[in-house]
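See structure below.
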Amino acid sequence: MMTNKQTANSAGDGAILECSGIERRFGGIVAVTGVDLVIQQGEIFGLVGPNGSGKTTLTNAITGFYPPNVGTVRLAGKDITGTAPHKVATLGVARTFQNLALFNGMSVLDNILLGRHIHMKPGVMRTALYWLAAQREEIENRKIVEEVIEFLQLESIRHELVDGLPIGLKKRVELARALVAEPQMLILDEPMAGMNQEEKGYMSRFILDARAERGVSVLLIEHHMDVITGICDRMLALNYGEMIASGIPKEVVKDPRVIEAYIGGSHG
Amino acid sequence: MFYRLSGVHHADYISDSRMFKVPADRNLAVFFLIIGVAAPFIIPSLYLNSYMLPWLIWTAAALGLNLVTGWAGQLHLGYAAVMAVGAYSAIHAAKFGVPWEFALIIGGLASSVIGSLFAFAALRVKGLYLALTTLAMQFVMDWVLTHSPAISGGSHASLQSPTLALLGQDITSDAGYYYVAFGWCVLVTIFMLNLKRTGLGRALVAVREKDFAAAILGVNSFYYKILAFATSSFIAGVSGALLVATFFFLAAPEQFSVNVSIQVLAMVIVGGLGSIIGSYFGVALILLVPGLVNGLVAAGSEAIGMQINVETLAHIPNAVYGALIVVILLIEPLGLGKLYGNIREYLMVWPFDQLRK
Ligand SMILES: Nc1ncnc2c1ncn2[C@@H]1O[C@H](COP(=O)(O)OP(=O)(O)OP(=O)(O)O)[C@@H](O)[C@H]1O
Ligand SMILES: [Mg+2]
C-alpha cells in the first residue's frame with residue numbers, strides 16, 4: 001500500500017515528507033485545513049501564502065509543536081503524526097523559526113554545536129570524566145560544525161555572542177544550527193525575512209548548495225516570489241488555511257487565485 | 001596587562017576547548033590551587049576551620065544549586081532540605097558501619113532520588129509555582145526531621161556524626177577536615193568547568209533560554225530538567241554530609257532550615273547565576289561578611305566608648321549585608337561573577353581600552 005502511494009506521487013527516489021488532510025484549529029479559528037502535500041527526496045519545496053494563511057501552523061503541525069487535529073504526517077513513510085518535537089528532531093527533521101530562536105548569552109559556536117545534540121550523548125558521567133569520554137566526542141562534533149561554519153562563512157564570528165548580531169547573520173547561524181544536525185528534511189520558515197537583495201542571494205545559494213552537497217530536502221516558506229521561482233522545484237500556495245494552488249512555481253505564481261490572494265487578501 | 005588574548009592562538013580544537021583559554025586565568029587557577037593545598041601551613045587553624053572550610057563546602061553546595069538555577073533556570077527554594085537528606089542518610093549509613101566513602105555516596109544518591117522525585121512532581125508546573133513547590137518540599141522535610149526522632153536522633157534532635165575516615169585514614173585533625181572540604185570543592189568546581197564545555201551544559205542552557213528551540217534540536221526539556229535536579233541534589237547531599245562530618249559534627253534540623261535554603265539561593269544570585277567564580281564570591285560574601293561586620297561594629301563601638309546592646313549588635317550585620325546585596329545587585333544585576341568578569345575584560349585590553357568593541 002505504501003509503495004503504491006509512493007509510486008503514485010514520486011518521480012524521483014521516493015517521498016520524504018507526506019502530509020494528508022492536515023487540519024489544525026485554535027479554539028474557533030481553523031488555521032489550516034485539508035492540506036495535502038508530498039515532498040520528494042532532494043526537492044526544494046516552496047510554501048507561500050499571505051500573512052495568517054497558516055504556513056507556520058503547518059510546519060508546527062509537522063514538527064509536533066501543534067499536532068494536527070485531523071490528518072497524518074509521514075516522514076520517509078513512517079507515521080509521525082503528533083510525535084513530540086524532540087523526537088521528530090531525532091528522526092531527521094530540522095527547522096528554523098520565523099522569529100529566530102537562537103540561545104542568547106551563548107556564542108555562535110555553542111549555538112551551532114547544539115545542532116549536533118542528537119548525534120551526541122551528553123551525560124553527567126561523561127561530563128565528570130571529560131578527558132576520558134566527552135573530549136573526543138566534542139572534538140569530533142566540533143569538526144563537523146566547523147565544516148558548516150566554513151560553508152556558511154561564519155568563521156569570523158564563531159566566538160561572538162549571538163545576542164548582538166545583525167538579523168541577517170542570526171538567520172545564517174540558525175541555518176547552520178539546523179544543517180549540522182544533518183537532517184533529511186529541513187524546514188525553513190521565512191529564512192530571508194528582513195534581508196536585503198544581496199543577503200537573499202547568498203541565502204538562496206546556501207540552500208541550493210546544501211541540497212547539492214548534503215542531499216537535504218527543503219520545505220521553504222517565503223514571501224519573496226522571486227526566490228520561490230528561482231530555487232524551488234515545486235510549490236504550494238495557501239490562503240485562509242486552505243490550498244489554493246500547487247505545482248511548478250512558474251505556473252502557480254500566475255494562477256489567478258494566487259494573484260487574487262496576494263493582491264486582494266490580507267497581505268502585508 | 002596580565003590578561004592577554006593577543007598572541008594566544010589556538011591551533012587545534014583541543015586547545016580551543018580548554019577549561020581556561022586565557023593563560024592568565026589558568027595561572028590564577030593554579031595559583032589558588034597551590035594556596036589551597038598550602039593553606040594548613042600558612043593559615044592559622046582557627047581561621048582555616050572556621051572560615052576557609054565552611055566557605056569551601058558552601059561553595060560546593062552553591063555550585064550545585066547554581067547548576068539547577070543558573071544553568072537549567074529552575075528556581076529552587078528547598079535546597080537545604082535536599083542537603084539534609086544527604087547529611088542524615090550519610091551519617092546513619094556511617095553509624096551503621098558503612099565505610100565513609102560509600103556513606104557519602106549513599107548520602108548523595110539519597111538526595112538525588114528525593115530531589116528528583118520532587119522535581120518530577122514540581123516540573124509539571126513552571127516558574128513561581130515550581131518555586132512554591134520546592135518551598136513546600138522544604139517544609140515537609142523540616143516537619144519530617146523534627147517529628148521523627150529515628151531520623152533526627154532522639155528527643156534532642158541532634159545526631160552525632162561518627163568519626164570521618166577516608167581511604168582507611170581516620171580524619172580527626174583540623175588540616176584533615178580542611179583537605180576533605182578542599183578536595184570536594186575542587187571536584188565540584190572541575191565538574192562545573194567541564195559542564196561549561198560539554199553538550200550537557202549546552203543542553204541545560206538551551207532548555208533555560210528557549211525550550212521550544214531546544215526541543216527541535218532534539219533536547220528533551222523534561223529529561224534535562226530532571227537530570228539537572230538529580231545532579232544538583234547529589235552535590236547537595238554530599239556537601240550536606242561533609243558539612244556535618246567536618247564542621248558541625250552534630251546534625252540538627254536547624255542547620256538545614258528554610259532560612260538556609262534562602263541563604264544558599266542568595267549566595268548563588270549575589271555571585272551570579274551561571275557563574276562558577278561568582279559562587280565563590282557569593283558564598284564568601286554571605287558567609288563571611290556578617291562575622292566581619294560583627295567584629296568591626298564591636299571594635300568600633302568599643303573604640304568610641306559607646307555601649308551597644310546585644311540585640312542591636314545582632315541585627316546590624318544582617319542589615320549591613322542585606323544592604324550590601326542590594327547594592328551589588330543594583331550595580332551589576334548579574335552578580336559578583338559578572339563584576340569580576342568586567343574587571344578582567346578591562347584588564348585584558350588595558351591600556352588599549354579604546355580597542356574594545
Ligand atoms: N498558537 C496559536 N494560538 C492561536 N492562534 C494561532 C496560533 N498560531 C497561529 N494561530 C492563528 O492561525 C492562523 C495562521 O497563522 P500562521 O502563523 O500559521 O500564519 P502564517 O501563514 O505563518 O503567517 P505569517 O506570514 O504572518 O507568518 C492565524 O490566524 C493565527 O492567528
Ligand atoms: Mg508564519
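The values are calculated or read from the model by the stated rules, or taken from the named source; none is laboratory data. Quick caveat: nothing in here was measured; it's all calculated off a predicted structure. Because the Cβ atoms are built from the backbone with ideal geometry, glycine has one as well, and the counts that use them run over all protein chains shown. Ligands, DNA and RNA are excluded from the accessible area calculation, which covers all protein heavy atoms including side chains. Shrake-Rupley method; radii C 1.70, N 1.55, O 1.52, S 1.80 Å.
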Output ordering of B:93-106, B:288-301 (per-residue mean of other Cβ within 10 Å, highest first) is B:93-106, B:288-301
Taking Cα atoms only, Rg over Rh for the protein assembly as shown with Rh from the Kirkwood formula is 1.06
So the FRET efficiency between residue A:214 and residue A:70, C-beta based with R0 = 35 Å and rounded to 0.05, is 0.55
What helix-only [θ] at 222 nm does the protein assembly as shown give? Using -39500 (n - 2.57) per DSSP H run of at least 4, over all residues, to the nearest 500, the answer is -18000 deg cm²/dmol
The percentage of the accessible area of region B:21-257 (probe 1.4 Å, all protein chains present) made up of carbon and sulfur atoms, to the nearest whole number, is 73
For region A:51-154 the chymotrypsin sites (Phe, Trp or Tyr not before Pro) that pass both the DSSP coil test and the at-most-11 other-Cβ-within-10 Å test are A:131
Counting only DSSP beta bridges fully inside the protein assembly as shown, the antiparallel percentage to nearest 5 is 60
Probe 1.4 Å, heavy atoms of protein chains only: per residue, the accessible area of the protein assembly as shown in Å² is 44
Measure of exposure for residue B:113: accessible area at 1.4 Å probe, Å² rounded to 10, is 90
The rounded separation in angstrom of the Cα centers of region B:109-134 and region B:196-219 is 19
Ranked output for segments B:23-31, A:113-121, B:135-143 by mean other Cβ atoms within 10 Å, highest leading, reads A:113-121, B:135-143, B:23-31
If each K or R counts +1 and each D or E counts -1, the residues other than residue B:69 whose Cβ falls under 12 Å of its Cβ total +2
Among residues of region A:55-88, a drop of 30 Å² or more in 1.4 Å probe accessible area, assembly relative to the chain on its own, occurs for A:65, A:86
Taking a ≥ b ≥ c as the square roots of the Cα gyration tensor eigenvalues, with a/c under 1.5 meaning rounded and otherwise prolate when a/b beats b/c or oblate if not, region B:1-137 comes out oblate
Among region A:231-258, those whose backbone N falls under 16 Å of a label point 7 Å along Cα→Cβ from residue A:25 are A:241-242
With label points set 7 Å from each Cα along the Cα-to-Cβ direction at residue B:148 and residue A:87, the distance between them in nm comes to 3.7
The long-range amide H neighbours of residue A:234, using H built 1.01 Å from N in the peptide plane and a cut-off of under 5 Å, are A:44, A:46
For residue B:41 and residue A:160, extending 7 Å from Cα along the Cα-Cβ vector and measuring point to point gives, in nm, a value of 4.9
Here the membrane-span-like helices of chain B, with no claim about any membrane, defined by DSSP H, Cα axial extent at least 18 Å and mean Kyte-Doolittle at least 0.0, are B:23-42, B:53-66, B:79-95, B:100-122, B:127-147, B:174-195, B:221-243, B:258-271, B:276-303, B:310-331, B:335-349
Counting other chain Cβ atoms within 10 Å of each Cβ in B:204-213 and taking the mean gives 5
Cα pairs beyond 34 Å in region B:21-257, in percent, come to 19
The A/B contact buries a total accessible area, at probe radius 1.4 Å and rounded to the nearest 100 Å², of 3100
With the 8 Å Cα cutoff and a minimum separation of six or more residues, chain B has a relative contact order in percent of 28
Quick calc, residue B:346 & residue B:28: beta-carbon distance into FRET formula, R0 22 Å, rounding 0.05, result 0.90
So residue B:126 and residue B:170, fully extended at 0.36 nm per residue minus their Cα-Cα distance, gain in nm 11.3 nm
Using alpha-carbon positions, the gyration tensor of chain A gives root eigenvalues a ≥ b ≥ c; with a/c under 1.5 called rounded, otherwise prolate if a/b exceeds b/c, else oblate, the class is prolate
So, with points 7 Å from each Cα along the Cβ direction, the residue B:190-residue A:124 label distance in nm works out to 1.8
Note: A:172-184 gets an average of partner chain Cβ contacts (10 Å, Cβ to Cβ) equal to 1
Once normalised by the length of chain A, the mean sequence separation of its alpha carbon contacts under 8 Å that are 6 or more apart gives a contact order in percent of 26
Under the rule rounded for a/c under 1.5, else prolate if a/b exceeds b/c, else oblate, using alpha carbon gyration tensor axes a ≥ b ≥ c, region B:162-312 is classed as oblate
So the FRET efficiency between residue B:309 and residue B:248, C-beta based with R0 = 30 Å and rounded to 0.05, is 0.55
